[in-house]
1. Taking a threshold of 18 Å on the Cα-Cα distance, which of the pairs K39/K60; K67/K88; K399/K464; K499/K522 fall above it?
2. Using θ = phi - 60° and the Karplus curve 6.51 cos²θ - 1.76 cosθ + 1.60, what whole-Hz ³J(HN,Hα) does each residue of the stretch 214-228 get, with Gly and Pro shown as x?
3. If the only charges are +1 at each Lys and Arg Cβ and -1 at each Asp and Glu Cβ, what is the size of the charge dipole of the stretch 2-462 around the Cα centre, to the nearest 20 debye?
4. Quick one: if the Förster radius is 60 Å, what FRET efficiency do D45 and K65 give, using the C-beta to C-beta distance and rounding to 0.05?
5. Hey, fewest Cβ within 10 Å first, where do Y27, Y267 land in order?
6. Could you give the size of the charge dipole of the stretch 355-512 about its Cα centre, using +1 on the Cβ of each K and R and -1 on the Cβ of each D and E, expressed in debye and rounded to the nearest 20?
7. How do V471, V403 rank when sorted from fewest to most other Cβ atoms within 10 Å of their own Cβ?
8. Under 1.5 on a/c is rounded, so check that first for the stretch 341-498, then, if it is not, pick prolate when a/b is larger than b/c and oblate when it is not; a ≥ b ≥ c are the square roots of the alpha carbon gyration tensor eigenvalues.
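We did not get these values from a lab; they are worked out from the coordinates using the rules stated. Computed from a predicted structure; not experimentally measured. Glycine also receives a Cβ, built like all others from the backbone with ideal geometry; neighbour counts cover every protein chain displayed.
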Amino acid sequence: MRRIFDIICIILFLSGSAYGQLLIQEYNSRLEKPIPQYKIEINLDIENRIYSGKERIVFKYPLSKDKDVILRLFANSGGGSERNLDIKSIMLDGKTAEFFFVDDTTVSIRGDFVSKKSYTIEIEFSATLPEITQESTDIFLSTLKQLLGQGSSSVTENNYGIFGCSANICNIASVVPALAKVNNDDWSTSRMTGMGDYQRGDFADYEIDVVHDDSVLVVSNGVIKKRESLKEGKVRSRFFADSVNDIILEASCNFNYVRREINGVLYISYYVNDRDKRLAELSIDVASEAIGFFSRYYAKYPYSEFKIVSAPMTGGAGGVEFPALITIGDFLYDEIDGDEQRTGEFISYDLLSQMFEFVIVHEVAHQWFSTLIPSDSRTEPYLDEGLASFSAYLYFINKYGEVEAKKFLDNQIRLNYIMMRLLGYKDMPINTPIENYENMFQYAGIIYGKAPLFFVKLYELIGKERFRFIVSQWVKERAFKDTRLISLINTLKANEPAKASSIESLYKRWFEGRYGDEDIGKGSLKDLLKFLNNGKDLDIDFNLDRLKKFLEDTFDMFREYR
């Protein structure tokens, strides 16, 4: 029976996806098939924050030379003393395989591998989900700690809470050991240190069976295939995610959801507190509008579903993107729920409400920049993050006009650079390696401030309509192909030869130089307070030392209130 199942898996692998219901039909021919096939079985116990299981990976060896197969376990990227995700055994084509941990996030499998030959790897694994405390999810408390020097002054490993459980929700990203991404005919083994996201894998198809208590709702970025009752109060939920470069599960006993189908895309927004239903509905409004706009501006959204999950985030993250699913920090829901007046004609009249809209649109834009246009988030975080924030700016222009979009640009993008400089961190070239940033303020100032502002300058240099035409063609041509920023720069220069030297000069100035204060402005405390007051001047005579002393005096009270 097992041999028959192996044969079926290989047939499905060679013929492509067995389901094909997440990726829309018009993109079916864009991915070079066959792609790896994952069959995963998990037993999940969220009460004890553990799970175990097994997986089968069927794939063609992708390298031209014989090297060990490399697996990545990014669930171990949080920097803890013990592994969150561990491997019990590995079988290669039915035989016990020799393997070893290169580091906590990298496993090497020994074997004699032949290019383009098909192999089957079977893995048994177990995992423990770290606890996510309420204090660690509070972005404002985290920021205060950094301001007061009570947080870490150096760059540390951080998984933004995407692998762990709070009192209400378990985030389970990088669920299982997965094949490393292939770059330049070799496995990518970049260490997850410092700021930024872990590197997504290559595109694959995933079938996932999760056995869990019937009181738990499990959500995936894959399509739900069935949910069947088992004995002893257990349920099996089966998901299929075809043509994705990452997989995630979310689980909770308290999930509520709202759902709508809009222009052929099924939107589902998950939340925990009953009072958050209005914001869950609003999240669908914003996400569907953003997906509609980016589909017209760049290329059609590649999937049939889109999910939004209010979830605990740590390390200053407002949200995290995955193919066909985004998580939004539940602190945003907590801060702005219950006040109908905050979401008027233009959400940004309140800074937090503007942040809620921006985070959703930014994460939606990642469906194009990191999914449809995959890039290396470790070596070029400015490509996907910069274009995602820049795209949010385009969304705000389209929805609210130039004047209101300028407020957004100041509040959500330029402010990152201003805050960095006010806190005394130096300007850096955009192409600075991730490990060279001092902390989250400097990283945010460059990657979420300076990088998107470079794309704004590029957009203004090329001209709005011409930029849209060229970039849209570039996105369509690069769909599902690993891409570097130089590809876009060269495309713009080739299509605008009269402006090629100006494009090159702009690129070198921003990516190799330190002209941020001149090009963006160093800012002042008054500027910061003006941003926080929705663009209105405050008649307050503050200096940074007095502000810091005030924060120190009120920090304990603030923490108690939070």
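1. Working: K39/K60 15 Å; K67/K88 22 Å; K399/K464 16 Å; K499/K522 29 Å.
In this structure, K67/K88; K499/K522 exceed 18 Å between Cα atoms.
2. Going residue by residue, I get 6, 7, 9, 9, 9, 10, 9, 6, x, 6, 6, 8, 6, 9, 10 Hz, with x marking Gly and Pro.
3. Details: 47 positive and 65 negative charges, 234 e Å.
That gives a dipole near 1120 debye.
4. Working: r = 42 Å, r/R0 = 0.70.
Efficiency, from the Cβ-Cβ distance: 0.90.
5. Arranged by neighbour count, lowest to highest, Y27, Y267 become Y27, Y267.
6. Values: 20 positive and 19 negative charges, 84 e Å.
Charge dipole, the stretch 355-512, about its Cα centre: 400 debye, nearest 20.
7. Numbers: V471 23, V403 8.
Least to most surrounded, the residues fall as V403, V471.
8. Numbers: a/c = 1.66, a/b = 1.16, b/c = 1.44.
Here the stretch 341-498 falls in the oblate category.
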